[in-house]
Amino acid sequence: MIVGVPREIYPGERRVALVPSTVPPLTKAGLQVVVEAGAGTEAGYPDQEYVSKGAKVVPERSEVFRTADIVAQVLGHGANDRTGKTDLPLLRRDQVLIGFLRPLGSIESVRELAATGVTSFAVELMPRTTRAQSMDALSSMATVNGYKAVLLAADRLPRMFPMLTTAAGTITPARALIIGVGVAGLQAIATARRLGAVTSAYDLRPAVKEQVQSLGGRFVELEIEAKDAQDARGYARAQDARGYARAQDETFYRKQRELLGKVVAESDVVITAAVVPGKKSPILVPKEMVPNMAPGSVIVDLAAERGGNCELTRSGEIVVEHGVTIVGLVNLASTVPYHASQMYSRNLSAFLLHLTKEGKLQLNLDDEIIRETLLTRGGEVANPRVREFFNPEVSKS
Ligand SMILES: NC(=O)c1ccc[n+]([C@@H]2O[C@H](COP(=O)([O-])OP(=O)(O)OC[C@H]3O[C@@H](n4cnc5c(N)ncnc54)[C@H](O)[C@@H]3O)[C@@H](O)[C@H]2O)c1
């Protein structure tokens, strides 16, 4: 079987789906890799490296799609909402497509993908189980995003992060607040601490308190309880069975904003990474809160793509409001393309090895990993979770 790696075409995207070091294990498993010329250049992986690892480099994008049994992308149609459509005519029935496809984004793009007849797998749907951990691309990219968010904040802040005692006096450390302690938030805490900031963090899932503390952060406790906060055994349940946060009602969010306001005002840097999958991100930093921050403070909103956690965030832009810099850049992982590609590539090759046996596709739907990530097949939207998400009534009947 041939795995095709086209060059990414989302404007500004610098990652590549497979890096040269993952070619040999795939070849050994009976999968030949065909790469579009220049696909890895922006990420720091020149064509010669692919060739030396046993991949074939071809000049034409259309040739990659034509020869590939499996197409591996970073941002496929849906996740690439700018130019992804141009690849649709290149896909063919029963060809396999793997990538970020934004399955809970818009039903139109999912249907367009289905109409090509392609058997597509969305990496966003990877179950959060120990078995699937090595294939979890969402976590890999969140790690890069959390790291980069702190660097962006440090770059724009008119202060230094660490405490310094110098002949010219003492420099007080920056105060960083991380809201939303998922994978990205944890990496942001670790990075802010490494740079020497006094770091606090808040999440509605009390279960993360220990993780925050183990990274040297202070966990901010608010006097409110999230809906479904406890189950029958008294365990915290602000998250669902898959480890995602549950959406809360407006009364909760209002109270949360009131209590968070004071902590935000005292922070030089606020990094927000609070998302609820498939839903618009909750506003945790409303516009009234921003003027209370010291001039020069920075907010980096990692939820910008999904509406943002700060009301003044403009998706894809950096704005200054009331003297506060608000960074709403999206697709941050693409700005650290070498390691982001390396991590994504490892996730993808683990998935490819799981999906194939002796070089042949094994579409075993009894396997949770395959069943849950399968998005479209045979012209249909094959994923029950996605179908129900877009049309809850029809799915129930
Ligand atoms: N294979 C695995 O077992 C696996 C893989 C990945 C993540 N996880 C776990 O899943 C959990 C979620 O990780 P994620 O990175 O996908 O998170 P995410 O991107 O879904 O959400 C980010 C964080 O925002 C928080 N949040 C949402 N609404 C909030 C609000 N109103 N106020 C404050 N915080 C809010 C969430 O609780 C979550 O911690 C983590 O505990 C992570 O360790 C497990």
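The values are calculated or read from the model by the stated rules, or taken from the named source; none is laboratory data. These figures come from a predicted structure and were not determined experimentally. Don't worry about glycine lacking a Cβ; one is built from the backbone with ideal geometry, like all the others, and counts go over all protein chains shown. The protein model used for the area step is the full one, side chains on, heavy atoms only, and it has no ligands, DNA or RNA in it. Shrake-Rupley method; radii C 1.70, N 1.55, O 1.52, S 1.80 Å.
Yes or no, residue by residue, for (1) under 27 Å from the mean Cα position of the chain (by Cα); (2) at pLDDT 80 or above; (3) hydrophobic (A, V, I, L, M, F, W, C):
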| site | (1), (2), (3) |
| --- | --- |
| E221 | yes, yes, no |
| G234 | no, no, no |
| Y244 | yes, no, no |
| L259 | no, yes, yes |
| K262 | no, yes, no |
| V269 | yes, yes, yes |
**Study point:** Within the range 310-350, considering residues that are open to solvent by less than 10 Å² (accessible area, probe 1.4 Å) and without any contact (Cβ under 8 Å) to a residue 60 or more places away in the chain, the one farthest from Y10 (Cα to Cα)
**Key:** V324
**Study point:** Checking K148 against (1) closer than 28 Å to L75 by Cβ; (2) part of a strand (DSSP E or B); (3) open to solvent by 10 Å² or more (accessible area, probe 1.4 Å), the condition it does not meet
**Key:** (2)
Study note, to complete from the structure: Residue count, the range 22-44, condition open to solvent by 60 Å² or more (accessible area, probe 1.4 Å), touching a residue at least 24 places away in the same chain (Cβ under 8 Å) and of a type outside the set (V, I, T), comes to 3
Practice item. Taking the options L375, L353, L365, L361, name whichever one is within 19 Å of T119 (Cβ to Cβ), surrounded by fewer than 19 Cβ atoms within 10 Å (Cβ to Cβ) and touching a Pro at 6+ places or on another chain (Cβ under 8 Å). Key: L353
**Study point:** Filter result (within 18 Å of V19 (Cβ to Cβ) and open to solvent by 60 Å² or more (accessible area, probe 1.4 Å)) within the range 45-64
**Key:** Q48, E49, V51, S52, K53, K56
Review point. Name the pairs: first residue in the range 253-279 and over 12 Å from N292 (Cβ atoms), second residue of a type in the set (S, T, N, Q), Cβ to Cβ under 6 Å, at least 6 apart or on different chains?
Key: D268/S297; T272/N309; A274/N309; V275/S281
**Study point:** Residue list for the range 5-21, restricted to those being buried (at least 24 other Cβ atoms within 10 Å of the Cβ) and more than 17 Å from L101 (Cα to Cα)
**Key:** V19
Point to revise | Residue within the range 173-182 that is open to solvent by 10 Å² or more (accessible area, probe 1.4 Å), over 20 Å from the mean Cα position of the chain (by Cα) and away from the ligand (no atom under 12 Å from the Cβ) present | key: yes
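Quick grid of which residues meet (1) touching a residue at least 40 places away in the same chain (Cβ under 8 Å); (2) open to solvent by 30 Å² or more (accessible area, probe 1.4 Å); (3) more than 10 Å from the ligand (Cβ to nearest atom):
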position: S120; (1), (2), (3): yes, no, yes
position: L125; (1), (2), (3): yes, no, yes
position: A154; (1), (2), (3): yes, yes, yes
position: M160; (1), (2), (3): no, yes, yes
position: T170; (1), (2), (3): no, yes, yes
position: L204; (1), (2), (3): yes, yes, no
position: K209; (1), (2), (3): no, yes, yes
Point to revise | Test for L75: is it under 20 Å from the mean Cα position of the chain (by Cα) and closer than 25 Å to L329 by Cα | key: yes
